[in-house]
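*Asks:* Just dropping this structure here.
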Amino acid sequence: MYNVFQVFQQKVLDEDKRCCEVYPGSKNLDTLLLVFSQAKETLKEQNEDIFKRIDYKLPSEELQEKIRNSEVIFPDADVEGKHVKIFLAAICDELVKNNKDFEKPLEHLQASVEDFLAEKNDNFSQSQIPVLVEKIVEETLLERDFVTLLLIFIFSSLYYGPREDFLEEVDTTLWKGNTCPVCGETPHYGFLRGEDRARFMECWLCGTSWRYPRMKCPYCETEEQHEMGYFTVDENKVCRVQFCQECKKYWKIFNWDAYKKYTEEEDALASMHHLHTLHFDKLALKEGFSPGSGLKWVEEKDNGLVN
Amino acid sequence: MKLSRRGFLKLTGTATAAATLTSLSLQGDSVVEASSYPVRLSYAKEVTSICTFCGVGCSILYHVRDGVIINAEGDPDSPVNEGALCPKGGSIYNLSYMYEEKGKPVRNPNRLTKPLYRAPGSDKWEEKSWDWMMETIVKRIKDTRDSNFETVDKNGVTVNRTTALAWLGSSYCTNEENYIFHKMARAMGIINIDHCARL
């Protein structure tokens, strides 16, 4: 389990670089990732408790039982509003530090988040992420992709980061559901495993991946082959946008078999590939599909892409 | 990990009004850039099928674009082959394609795409529809059975059978399908029943 939203290492930067090569038109994300990482490091020095490892344990039989019965492990995850505010302030500080121009939009962002948290009794639950994204996009001039990434980074770092040791132990082999076994979120992207091209869906929040049949819609669960299809963009072999005509949803799949020619690394980062292919999302919206995850990372109304 | 000044300049360098934070948003640049060059979408579908070569019956995923096969791979979800294919099955794409002199794949003109019929005594194949084929097969089975049906044998024992027909099962079928075929053969009075896996 390895998620760009939680971990920051050289490996992430290398993957970022390779993604630029794989997806022409996408730019390096290293700077923004460095800003996020720097904010986290600074905060860690000031306030150790926020990211302190939580020794979460579940007896292995109980864990297997949950997985077998398709029960989500953390169905109602939430974090303290005050931690969200502190973390957000640290990130904003980092952003503003070198460019005062960002001060105002980020002040609006913080005010918007504070209002939201005050309404929710200073508690931020996972299910409120898409709601808060909509609120911020509506109230500020910030871009939807930036806001979504920011909130996922904050929530994931605060809740799933400290439980990382436990997440490493979760074996999803017996999971048959179409949502994440750990946090219950609906997936937005997945990958085809290198050796046999078996399909795995990956959670955009906690990074858990689980196997899911190739010929089944991960949203409406139809197995009607003629209802499903995919498109590639400019014959890109690594990313394909799959869709279901029955529920009109789309999802992205990264083919690690095709990615092998770019790297000898075994663990590719689907979350990084997702960030580098947000323009594919926009094309899917233009083609009349909506994201099955419910998370609309980009706006359809932006410049026309198709034709 | 320190944030390099050069990196941050790159981040902020293009932010003029800074009102939208586009330059900060991860895909801000790439979305704009992506929108400015023409993109070509290629649609395709995946369909499952079974390898035609041997009785193992490995599952295959075909990628089809505009009714034409563009790729074939082993189906990873099949319990039979778990994504793998033997060298013969792995080249099944070449049932549809052959290679011209320069190595470019072209549609195989020898591939049968319609049922062909050769009448008794004829030296020519004729194209027929699937309906015609099915009706003809059914009629001939029925006629052969009816004209050769024995209710009793030479000793007067009731047998209700025909020895003029034989039935061959297939390894491509499941146990349950072969069970039903067997029942059907028995119901018609066929006693010569065998299975391709024994041949």
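Derivation of every value follows stated rules applied to the coordinates shown; laboratory data play no part. The structure displayed is predicted, hence computed values, not measured ones. So basically every Cβ, Gly included, is an ideal-geometry build from the backbone, and we count neighbours across all protein chains shown.
*Asks:* Taking H placed 1.01 Å from N in the peptide plane, check which residues at least 5 places from A:Lys249 or on another chain put their amide H under 5 Å from its amide H.
*Replies:* Distant-sequence amide H within range of A:Lys249: A:Cys244, A:Ser290.
*Asks:* Arrange A:Thr179, B:Thr151, B:Thr52 by Cβ neighbour counts within 10 Å, fewest through most, would you?
*Replies:* Details: A:Thr179 19, B:Thr151 9, B:Thr52 12.
Ranked by crowding around the Cβ, least crowded first: B:Thr151, B:Thr52, A:Thr179.
*Asks:* Per residue of A:228-235, count partner chain C-beta atoms within 10 Å of its C-beta, then hand back the mean as an integer. Each step should come with its number before you reach the end.
*Replies:* On the way: counts 3, 7, 6, 5, 6, 5, 7, 2.
So the per-residue partner count for this stretch is 5.
*Asks:* On to the next question. With +1 on each Lys and Arg Cβ and -1 on each Asp and Glu Cβ, how big is the dipole of region A:10-166 about its Cα centre, in debye rounded to the nearest 20?
*Replies:* On the way: 20 positive and 33 negative charges, 60 e Å.
My answer is approximately 280 debye.
*Asks:* Next question, about the same structure. Run the quick spin-label model on B:Met134 and B:Tyr99: label points 7 Å from Cα toward the beta carbon, then report their separation in nm to one decimal.
*Replies:* The modelled label-to-label distance comes out at 4.0 nm.
*Asks:* Continuing with the same structure: Which one of B:Tyr179, B:Ile69, B:Thr113 is farthest out on the positive end of the charge dipole of region B:58-199, using unit charges on Cβ (Lys, Arg +1; Asp, Glu -1) and the Cα centre as origin?
*Replies:* B:Thr113
*Asks:* For a quick check of your reading of the filter: which trypsin sites (Lys or Arg not before Pro) in region A:161-197 sit in a DSSP loop and have no more than 14 other Cβ atoms within 10 Å?
*Replies:* Numbers: sites: A:Arg163, A:Lys176, A:Arg193, A:Arg197; in loops: A:Arg163, A:Lys176, A:Arg193, A:Arg197.
For trypsin sites (Lys or Arg not before Pro) across region A:161-197 that sit outside H, G, I, E and B with at most 14 neighbouring Cβ atoms in 10 Å, the list reads A:Lys176.
*Asks:* Ok, one more. Need one number: convex hull volume per residue for region A:1-156, Cα atoms only, in Å³.
*Replies:* Numbers: hull volume 24.8 nm³, N = 156.
Once divided by residue count, the hull of region A:1-156 is 159 Å³.
*Asks:* Between their Cα atoms, which of A:Lys176/B:Lys45; A:Lys27/A:Lys104; A:Lys40/A:Lys237 are more than 32 Å away from each other? Before the final figure, lay out the partial values.
*Replies:* Details: A:Lys176/B:Lys45 24 Å; A:Lys27/A:Lys104 25 Å; A:Lys40/A:Lys237 35 Å.
Listed pairs above 32 Å: A:Lys40/A:Lys237.
*Asks:* Moving to a separate point now. Measuring from centroid to centroid over Cα atoms, what is the spacing of region B:100-117 and region A:101-168 in Å?
*Replies:* One Cα centre to the other: 58 Å.
*Asks:* What order, most packed first, do the peptides B:134-144, A:61-71 have when packing is the mean number of other Cβ atoms within 10 Å of each residue? Provide the component values of the computation, followed by the final result.
*Replies:* Values: B:134-144: 11.4, A:61-71: 13.9.
Result, highest mean first: A:61-71, B:134-144.
*Asks:* Moving on to the next point. Is the shape of region B:116-198 best called rounded, prolate or oblate, per the rule: a/c under 1.5 gives rounded, else a/b larger than b/c gives prolate, else oblate, with a ≥ b ≥ c the square roots of the Cα gyration tensor eigenvalues?
*Replies:* Working: a/c = 2.35, a/b = 1.32, b/c = 1.77.
Oblate is the answer for region B:116-198, as a/c is 1.5 or above yet b/c matches or exceeds a/b.
*Asks:* Per-residue HN-Hα couplings for region B:45-62, Karplus 6.51 cos²θ - 1.76 cosθ + 1.60 at θ = phi - 60°, whole Hz, x for Gly and Pro?
*Replies:* The phi angles translate into 10, 10, 9, 8, 8, 10, 4, 8, 7, 9, x, 5, x, 5, 7, 10, 9, 9 Hz.
*Asks:* Could you tell me which of B:Ile60, B:Gly103, B:Ala84 has its Cα farthest along the dipole of region B:45-107 towards the positive end, charges placed at Cβ (Lys, Arg +1; Asp, Glu -1), taken about the Cα centre?
*Replies:* B:Gly103
*Asks:* Which residues in region A:264-289 have a backbone N closer than 15 Å to a point placed 7 Å from the Cα of B:Arg40 along the Cα-to-Cβ line?
*Replies:* What the label zone holds, given the 15 Å backbone N cut-off, is no residue at all.
*Asks:* What value, in deg cm²/dmol to 500, does the helix sum -39500 (n - 2.57) over DSSP H runs of n ≥ 4 give at 222 nm once divided by the residues of chain A? Write out the running numbers ahead of the final one.
*Replies:* Working: 11 runs with 122 residues, N = 307.
Helix-only estimate at 222 nm: -12000 deg cm²/dmol.
*Asks:* At 7 Å along the Cα-to-beta-carbon direction for both B:Glu127 and A:Glu45, put a label point, then send me their distance in nm to one decimal.
*Replies:* Once both label points are built, they end up 7.9 nm from each other.
*Asks:* So for the protein assembly as shown, taking the charge dipole from beta-carbon charges (+1 Lys/Arg, -1 Asp/Glu), which of A:Ser125, A:Gly229, A:Val22 sits furthest toward the positive end?
*Replies:* So the residue we want is A:Gly229.
*Asks:* Follow-up. What is the dipole size for the protein assembly as shown, taken about its Cα centre, with +1 at each Lys and Arg Cβ and -1 at each Asp and Glu Cβ, in debye to the nearest 20?
*Replies:* Working: 63 positive and 79 negative charges, 409 e Å.
With Lys and Arg at +1 and Asp and Glu at -1, about 1960 debye.
*Asks:* Under a cut-off of 19 Å between alpha-carbon atoms, report the lysines in cross-link reach of A:Lys296, not counting same-chain residues fewer than 8 places apart.
*Replies:* Leaving aside lysines fewer than 8 places away in the same chain, those within reach of A:Lys296 are A:Lys135, A:Lys248, A:Lys249, A:Lys252, A:Lys282, A:Lys286.
*Asks:* So how do B:179-188, A:214-223 stack up, highest first, on mean other-Cβ count within 10 Å?
*Replies:* Working: B:179-188: 13.3, A:214-223: 17.8.
Going from most to least packed, we get A:214-223, B:179-188.
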